[in-house]
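Shown next, in structure tokens, is the structure this report addresses.
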Amino acid sequence: MIGGLYSDEVLRGLQARDRAVFARVYEHFYPVLFATACKYLKDRAQAEEVIQDVFLKLWEKDFRLEHAAALKSYLFRAVINQSLNSLQRNRRTEDHHSALQYLQEESYLCTFIEEQELRERIHYAVEKLPEQCRRIFKLSRYEGFKNNEIAHQLDLSVKTVENQMTIALKQLRAALLDHPEKPISAGSRLRLLVWLA
């Protein structure tokens, strides 16, 4: 697994914004990068935000690495730099502790509301899928069945299941990610990108 992540194929996948490759890199490196951010920040919520920011920049911006083995160093350096920047910002707000506490509570409330709205948008988008797409997508993403298991359960060919999943994912990405009039936060966007990979 580790060796596979240090291949040129993975590097090309990241540069081409391949969602499956991105999801694989995210899931593999997240635990150790999160622990690194926590070591600096002593705050799980801030560490989570740092990781999301780093991976979102990795997804949205062009980057150049000479070889795939540099990927781990690149990610660690980005997380450490982002953590140090966060610490610097925190120091500037120490004299405003009361105001910061209020903002944290408000931020938690906004996050909770945003999570509810995101769940509603996902539910609405999934329910708008064609019937067969919807059934296959729910079996795959909500119940964890593999394509061949879905094919057997629904008496379809594996190719049909794959095609329907491709249609479902394309429609959901368009409905959930490509609407500038309904923007979502960086954290929500990152979770959706991984979920819809």
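The values are calculated or read from the model by the stated rules, or taken from the named source; none is laboratory data. What you are looking at is a predicted structure, and each value in this text was computed from that prediction instead of being measured. All Cβ positions, even for glycine, are placed from backbone atoms using ideal geometry, and neighbour counts span all protein chains on display.
Which of the residues that make up the stretch 18-28 are under 21 Å from GLU49 (Cα atoms) and charged (D, E, K, R)?
Hits for the stretch 18-28 are ARG19, ARG24, GLU27.
Please verify whether LEU154 is more than 27 Å from ALA186 (Cβ to Cβ) and touching a Ser or Thr at 6+ places or on another chain (Cβ under 9 Å), treating the condition exactly as stated.
The answer is yes for LEU154.
Take the stretch 115-151 and flag every residue that is aromatic (Phe, Trp, Tyr) and within 20 Å of ARG189 (Cβ to Cβ).
TYR124, PHE137
Just for the stretch 42-63: of the residues that are surrounded by fewer than 15 Cβ atoms within 10 Å (Cβ to Cβ) and closer than 15 Å to GLY13 by Cβ, which one is modelled with the lowest pLDDT?
Out of the qualifying residues, it is PHE63.
If you go through the stretch 70-106 one residue at a time, how many are part of a helix (DSSP H, G or I), surrounded by fewer than 12 Cβ atoms within 10 Å (Cβ to Cβ) and modelled with pLDDT under 80?
15
For the stretch 112-131, does any single residue satisfy the condition of being over 23 Å from LEU58 (Cα atoms), touching an Asp or Glu at 6+ places or on another chain (Cβ under 8 Å), part of a helix (DSSP H, G or I) and at pLDDT 80 or above?
no
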